[in-house]
Amino acid sequence: MVADKNTCVVCSRKLTSRQQSLQCSHCGKRAHCKCITWPEEELQLLVCGEIPFTCYLCEKQPLPTEDVAPADGVISAAPPRLSRDEESRAPQPGDLENRLCGLRELLLNALQGISLLTDEVNALRQENARLHKETIKNSNMQAAAITSLQDDVRALRLELGKRKPHYPPDPTAKQNTAVPASSTHALPSAGHPTPAHQRRDNSASESVSPAASLLPATTNWASSSQEHLGDTRRRVRDVAVGANNTSDNPSVPRRPLKKALFVSRLHPDTSAADITKLVNSVVTDYSAECTQLKSKYTSNASFHVSVNAKSIAVVNDATVWPLLCLFRPFRE
């Protein structure tokens, strides 16, 4: 079956405009690209026109100029003439030498680049080794410096401990004691020895700082120190002490403790007397005190209600107050 130009040479199917195909450079017949079993790279070259395509029919048929030789071995026909493509692909004299020279130049350039890279790699290795040695040396030096600093700090601490000032006992401290002369624990005379339990007390009195020698010899050390400092410190109020004995002079009893409640959202016509009457109706001791608070809003009224601390739980209840009003206890 002779293949048509609109039919694929390989699969004998019709060619369409959507299907990619190649045309033979000898016979002009076409074939599907998917039917050609060539590698992908060579097939792309065929599609781009870099390599001429030849179908398998043209590859099987002999050249038109080729004749069969006679039996005697003498060829009477002229030698076949090469096509233009074959002539262009035929090696010319001197092409092999030129290709070898080009290949030699490429090899020399590659070897030169490799030698340059080798030298650079060797230089980097030497630099890396030098930096590694320097890092180890610096770390050892830092460790030695830290050890030396620790030894110096330890020696300085010992020296400071030895140089700590020790104040000598003040001879005037015995004269400036707060013990009165009439006391039974007065200082003994030089002719009588000091008992063992009193020696401990005397040693404690001798350890008074030198600042105590600046104070005058008085019996009240607290008052003298306050006068010496010029009364610059803030005085603390003395604690009040209650009296238990009875007297003819009457005293004012303490007022009972009270707690307050804040009530708002009441009708603007509500008065303090109304709130007092309302609270006294639920409080048994009738101790309610109500004050109307001033406000810039005239749509509602607010009140301050104070009762005894025992009655605050009774007043702080939603059942006591009108509906939709708000109330809360004051924070002290």
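The values are calculated or read from the model by the stated rules, or taken from the named source; none is laboratory data. Owing to the predicted nature of the structure, the values given are computational and were not obtained by experimental measurement. In this analysis, Cβ positions are derived from the backbone assuming ideal geometry, glycine residues included, and neighbour counts consider all displayed protein chains.
Would you confirm whether any residue within the range 322-330 is of a type outside the set (D, E, K, R), crowded, with 16+ Cβ neighbours inside 10 Å and assigned to a loop (DSSP other than H, G, I, E, B)? Yes, there is a match, as at least one residue in the range 322-330 is of a type outside the set (D, E, K, R), crowded, with 16+ Cβ neighbours inside 10 Å and assigned to a loop (DSSP other than H, G, I, E, B).
If only residues of the range 253-312 that are surrounded by fewer than 16 Cβ atoms within 10 Å (Cβ to Cβ) and in contact with a Leu (Cβ under 7 Å, 6 or more places away or on another chain) are counted, the one that is farthest from PRO329 (Cα to Cα) is ASN300. Restricting attention to the range 268-301, the residues that are assigned to a loop (DSSP other than H, G, I, E, B), within 16 Å of CYS325 (Cβ to Cβ) and not polar (S, T, N, Q) add up to 4.
When the residues of the range 274-296 are filtered to those that are out of contact with any helix residue (DSSP H, G or I) (no Cβ under 8 Å at 6 or more places or on another chain) and within 15 Å of VAL263 (Cα to Cα), which remaining residue is modelled with the lowest pLDDT?
Of all residues in the range 274-296, those out of contact with any helix residue (DSSP H, G or I) (no Cβ under 8 Å at 6 or more places or on another chain) come to 274-278, 280-281, 293-296.
When the remaining residues are screened for being within 15 Å of VAL263 (Cα to Cα), the result is 274-278, 293-295.
Numbers: ASP274: 93, ILE275: 92, THR276: 91, LYS277: 91, LEU278: 91, LEU293: 91, LYS294: 89, SER295: 84.
Restricting to residues being out of contact with any helix residue (DSSP H, G or I) (no Cβ under 8 Å at 6 or more places or on another chain) and within 15 Å of VAL263 (Cα to Cα), the top hit is SER295.
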